[in-house]
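Report on the following structure.
The values are calculated or read from the model by the stated rules, or taken from the named source; none is laboratory data. Because the structure is a prediction, the values reported are computed rather than measured. Heads up, the Cβs are rebuilt from the backbone with ideal geometry, glycines too, and the neighbour counts pull from every protein chain shown.
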Amino acid sequence: MSSTQGSHSLAFRVMRLCRPSFHVDPPLRLDPADLIVGEDIFDDPIAASELPRLFDSHISKPTDSSDLSYRSRFLLHDPSDPMGLSGLLVLPQAFGAIYLGETFCSYISINNSSNFEVKDVVIKAEIQTERQRILLLDTSKSPVESIRAGGRYDFIVEHDVKELGAHTLVCTALYNDGDGERKYLPQFFKFIVANPLSVRTKVRVVKETTFLEACIENHTKSNLLMDQVDFEPAPHWTATILNVDGHHSDSNSQTRETFKQPVLIRSGGGIHNYLYQLKLSSRGSAEMKVEGSNILGKLQITWRTNLGEPGRLQTQQILGTPVTRSDIELHVAEVPSVINLERPFMLHLKLTNQTERELGPFEVLLSQNGLHEEKVVRINGLQTTVMHCFVIVLMGRGHSL
């Protein structure tokens with residue numbers, strides 16, 4: 001089996017399949033009036049009176065399609081001419097910029113440039129990164145029977161780009177040459193995957209509510225239309241996006257807006273901010289206290305470019321502010337609305353065990369007079385007990401426990 005590069009009958013040609021770009025006509029076009037008159041034409045009344053006749057004789061003359069001198073090719077005949085857009089589209093001439101989250105789609109053609117037929121062609125195509133190798137095409141089980149002289153075999157491969165950095169598209173062919181020799185042809189096509197956007201987050205806790213701000217910045221050379229920027233909360237969390245117009249949308253609700261205007265983030269550093277309100281459910285509050293987990297969730301981001309090419313990214317788990325919690329929690333559960341002097345009233349205290357093990361006995365201290373009492377009370381893990389005690393107020397002023 002030979003792999004000499006100069007003696008191969010086959011060769012790979014690769015073209016990235018993406019939206020075509022507009023063809024821009026670089027020559028500068030001029031208005032015909034600028035070639036005839038100057039800025040001071042209206043200073044001379046005689047010259048100004050001759051202006052309509054000049055226009056009729058030079059500008060209003062129809063364009064002769066048989067004129068091979070193309071002497072009017074730089075003239076503006078249509079209001080859209082200054083844009084330089086000829087109305088033509090150009091196929092991609094190179095791989096161009098490839099970004100994380102996009103789908104790399106490539107049209108591959110293997111051409112037979114020799115004067116004889118090649119047979120039993122086994123074709124493989126794979127993507128190689130620093131971490132892994134992804135097989136895109138393998139015809140080992142069903143080789144191409146033959147490729148005639150001057151003929152070709154075409155195929156399309158797709159790959160969801162999930163890694164940054166250097167990528168290599170490796171195309172190989174194993175075939176029988178015209179003289180019956182088995183040959184091996186490898187070809188390599190390299191490209192770089194860049195990050196299309198960056199996400200910066202800020203977390204603020206106000207009482208029992210957590211606010212998450214996400215700032216998305218566009219690093220590409222084209223505008224991005226953000227179809228979806230949804231926050232997927234962790235278990236026991238609920239998320240609500242806060243919009244400027246005051247309309248809130250629950251991320252975990254079943255009904256979503258069918259038609260909504262995508263957010264435009266301009267190229268070259270454009271940014272847009274999103275604000276989410278997060279709340280912890282009562283059932284998950286106890287588990288959070290034990291586990292001490294501060295995972296809030298992650299963002300799902302989908303977008304389209306100017307010509308509709310889609311992209312999708314998912315952030316890593318976003319962490320909230322770590323909360324240090326004690327093993328037990330004691331707070332007043334119920335106090336009478338009216339308290340009379342020198343008359344006892346019932347005070348309800350709630351003692352919560354925030355661990356998974358049994359705790360007790362507990363010593364209850366009344367800080368007002370320094371007295372204390374030990375009660376044989378034990379609480380199982382993740383449970384709460386309510387204690388009752390009688391309190392007498394002797395002075396008519398503010399008191400605290």
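Descriptive notes on the structure:
- Of Leu347, Leu319, Leu280, all but one fail to be in contact with a Cys (Cβ under 6 Å, 6 or more places away or on another chain), modelled with pLDDT under 90 and of a type in the set (A, V, I, L, M); the exception is Leu347.
- Screening the stretch 299-323 for residues that are touching a Phe, Trp or Tyr at 6+ places or on another chain (Cβ under 9 Å) and aliphatic (A, V, I, L, M) and picking the one that is farthest from Arg204 (Cα to Cα) gives Leu313.
- So Glu163, is it acidic (Asp, Glu) and at pLDDT 90 or above: yes
- Pairs with Cβ under 9 Å, 6+ apart, first in the stretch 124-152 and farther than 17 Å from Leu10 by Cα and free of Cβ contacts under 8 Å to residues at least 40 places away in the same chain, second of a type in the set (Phe, Trp, Tyr) and part of a strand (DSSP E or B): Leu137/Phe155
- No other residue among Glu163, Glu158, Glu181 is of a type in the set (Asp, Glu) and farther than 30 Å from Ile301 by Cα apart from Glu181.
- Wholly enclosed strands (runs of 3 or more DSSP E) of the stretch 171-236 bearing at least 1 residues aliphatic (A, V, I, L, M) and loosely packed, with under 15 Cβ neighbours inside 10 Å: 182-194, 197-206
- Considering the stretch 105-136, and only residues there that are closer than 16 Å to Arg182 by Cβ and outside any strand (DSSP E or B), the residue that is farthest from the chain's Cα centre (by Cα) turns out to be Phe116.
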